[in-house]
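The numbers here are math on the coordinates, done by the rules we state, and not lab data. In this text the structure is predicted, and so the values were computed from the model without any measurement. Cβ placement follows ideal geometry from the backbone for every residue including glycine, while neighbour counts extend to all protein chains displayed.
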Amino acid sequence: MQNVPGELGKLTYLLANAGINVDALTIQDASSYVKEIFQARGKSLKRIASASSYNSMRKDSAEHALIRLLVNNTDKAVDLLSKNEYVFDVMPVIAVELENKPGEMARITTKFGEEGININYVYGSVSSPDAKCLFVFCPEDIDKAAAIFK
């Protein structure tokens, strides 16, 4: 979405009017995402972008933010985003409720590591010391990761 005041309000208002609840959300400046892509190019030796196109992408991406949403109705959200001309992608993720105590994140992330599953990104939060935490994991291998929780 555009990286300007009011855009998140517009998006969340659209979702709310459609009866779509946002269960989790994270936002980052898209230029840092483009920088990560360019750095990954150097590590993997895959030609994701040339230096000149990287500089162009970096300039364009500063005007946008990368938002990740976990919603209660993906199909309805996809339809709404499409109708309102948002640029988006759907990524399979695993949302996990954890006890809010030391070692819970270590327990879960160790399971990913033991199974050889890389975590592309994770975000989460807790509302109070007595409440459970909700964390959203985007693993490289969603099927293998899902098997951890069966």
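For the reader, a short list of remarks on this structure follows.
- Mean Cβ neighbour count within 10 Å, used as a protection proxy, ranking 72-81, 88-97 highest first: 72-81, 88-97
- Cβ-defined net charge surrounding Val78, 15 Å radius [Lys, Arg +1; Asp, Glu -1]: -1
- Interatomic Cα distance distribution for the range 76-150, bins of 10 angstrom, percent: 17, 41, 28, 14, 1
- Counting Lys and Arg as +1 and Asp and Glu as -1 over every other residue whose Cβ lies under 12 Å from the Cβ of Val126, the net charge comes to -2.
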